[in-house]
Amino acid sequence: MAAENTPIRSSCHCGAITVSAPRLPEYINICQCTICRRYGAAWGYYHPDEVKIETKPGAITKQYIWGDRDLSFNFCDNCGCVCYWWPLRPPPGEGGEYQMGLNTNNMDPEVLKYVDRRIEYSVLKSRVRSKDTAHADDPATY
Ligand SMILES: [Zn+2]
């Protein structure tokens with residue numbers, strides 16, 4: 001297990017995009033929302049200031065922004081791995097927690113062995129603002 005103060009590194013498959021975090025995530029969310037289940041992402045959450053994103057010269061980070069346009073999904077243009085999502089605006093309300101999501105599937109599985117994994121299926125049927133914020137095939141309600 002990584003020492004408390006050892007940065008934990010994540011890397012896309014080709015190594016063009018790496019993201020380092022200062023600690024293990026509190027838990028890993030295997031998010032079942034309309035898009036994350038398609039990505040097969042397993043998110044660890046951090047404050048945006050905590051992580052360090054590095055891209056190799058010439059590497060291209062592609063973005064996918066949809067629905068409420070609250071965040072962007074960022075993936076490597078070369079190997080296609082989903083690396084992280086990033087907030088595009090402050091969280092709603094006072095004291096909302098400003099966070100980003102780091103795809104822990106791009107980390108060394110060994111360091112994540114004892115991190116709690118969560119799968120929340122109720123999100124599949126969660127209420128969304130409009131049809132525009134759900135995939136047509138999803139059972140979300142409006
Ligand atoms: Zn890559």
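All of the numbers you see were taken from the coordinates with simple rules; none came from a lab. Everything numeric in this text was worked out from a predicted model, so none of it was measured. Using ideal geometry, Cβ is built from the backbone for each residue, glycine included, and neighbour counts are taken over all protein chains shown.
Can you tell me the order of 74-81, 20-27, 106-113, 121-128 when each peptide is scored by its average per-residue count of other Cβ atoms within 10 angstrom, highest first? Walk me through the numbers before you get to the answer.
Values: 74-81: 18.2, 20-27: 16.0, 106-113: 14.4, 121-128: 11.6.
Taking the mean over residues of other Cβ atoms within 10 Å, the ranking is 74-81, 20-27, 106-113, 121-128.
³J(HN,Hα) across the range 31-44 via Karplus (A = 6.51, B = -1.76, C = 1.60, θ = phi - 60°), whole Hz, x for Gly/Pro?
So the Karplus estimates, Gly and Pro as x, are 5, 9, 5, 3, 9, 5, 5, 6, 6, x, 7, 10, 8, x Hz.
Can you list the lysines whose alpha carbon sits under 23 Å from that of K62, skipping same-chain ones fewer than 8 residues off?
K52
Work out how much length D132 to I65 would gain on full extension: take 0.36 nm times their residue separation and subtract the Cα-Cα distance, in nm to one decimal.
22.9 nm
Modelled label-to-label distance, K113 and C79, 7 Å Cα→beta-carbon offset: nm?
2.3 nm
Any idea what the dipole of the range 1-117 comes to, in debye rounded to 20, about its Cα centre with Lys/Arg Cβ at +1 and Asp/Glu Cβ at -1?
Working: 11 positive and 13 negative charges, 87 e Å.
Result for the range 1-117 is approximately 420 debye, rounded to the nearest 20.
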